[in-house]
Amino acid sequence: SVLLSICLAGCGYSTRSLLPSNYRTIYVQAFKNSVTYTAEGNRNVYLPLLEVNVRNAIINRFLFDGSLKSGKEDNADLILEGELKSYDRGGLRFDDDENVQEYRLTITVSLTLINARTQKVLWEEPSFSGETTYFLTGPSAKTEEAALQDAITDLARRVVERTIEDW
């Protein structure tokens, strides 16, 4: 126990948040869906409520992390604005007949974090992504819907990390 404490202290490990102490609450605005479903080369499949699911996953991840509390817009310290930019599914691995065996699924958003008191933009990410890969067959097979949830979870984790760690 003492040895573990010494090792952790020596490694610079801390349970403290890196956030400035004046940032305690965040409001995640409703995401705008700007995915172009009719562009050449896109799958032309509309995913209902994708922007709502992304926002809810980010809010839930902030709750899970605990560094910032989710608040209402009028009393939050930070405001996160987001826009859904793309939903891409591309073949990653193919069999001998060029049939897709594994896909990569990527959700890309643009983000802006704003100090709610001063309206100053603290950071912007014009192309921020969450992704996953999935197989169509075999023991690791999953549906596109299950993979989509994994990509949303990955995106939410990355958004929270970006928000709380870059100070």
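The values are calculated or read from the model by the stated rules, or taken from the named source; none is laboratory data. Everything numeric in this text was worked out from a predicted model, so none of it was measured. Glycine gets a Cβ as well: all are built from the backbone with ideal geometry, and neighbour counts include every protein chain shown. Just so you know, the surface numbers come from the protein's heavy atoms only, side chains and all, with ligands and any DNA or RNA stripped out. Shrake-Rupley method; radii C 1.70, N 1.55, O 1.52, S 1.80 Å.
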Restricting attention to region 81-89, does a residue exist that is open to solvent by 40 Å² or more (accessible area, probe 1.4 Å) and hydrophobic (A, V, I, L, M, F, W, C)? no
If you take the residues in region 136-162 that are farther than 17 Å from residue 50 by Cβ and in contact (Cβ under 8 Å) with a residue 40 or more places away in the chain, which one is most open to solvent (accessible area, probe 1.4 Å)? 157
Of the residues that make up region 92-105, is at least one out of contact with any Cys (no Cβ under 9 Å at 6 or more places or on another chain) and under 30 Å from residue 76 (Cβ atoms)? no
Take the residues of region 109-133 that are acidic (Asp, Glu) and open to solvent by 50 Å² or more (accessible area, probe 1.4 Å): which is farthest from the chain's Cα centre (by Cα)? 124
Within region 108-122, identify whether any single residue is in contact with a Ser or Thr (Cβ under 7 Å, 6 or more places away or on another chain), closer than 18 Å to residue 49 by Cα and either of a type in the set (D, E, K, R) or not in a loop (DSSP other than H, G, I, E, B) (or both), and answer yes or no. yes
For the structure I just gave you, tell me whether residue 54 is outside any strand (DSSP E or B), in contact with a Gly (Cβ under 9 Å, 6 or more places away or on another chain) and modelled with pLDDT of 95 or more. yes
Among residues belonging to region 95-108 that are in contact with a strand residue (DSSP E or B) (Cβ under 8 Å, 6 or more places away or on another chain) and of a type outside the set (A, V, I, L, M, F, W, C), point out the one that is most open to solvent (accessible area, probe 1.4 Å). 104
Unmet criterion (only one of (1) surrounded by fewer than 18 Cβ atoms within 10 Å (Cβ to Cβ); (2) among the aliphatic types (A, V, I, L, M); (3) in a helix (DSSP H, G or I)) for residue 92: (3)
If you go through region 49-78 one residue at a time, how many are buried (at least 19 other Cβ atoms within 10 Å of the Cβ), within 14 Å of residue 24 (Cβ to Cβ) and touching a helix residue (DSSP H, G or I) at 6+ places or on another chain (Cβ under 8 Å)? 3
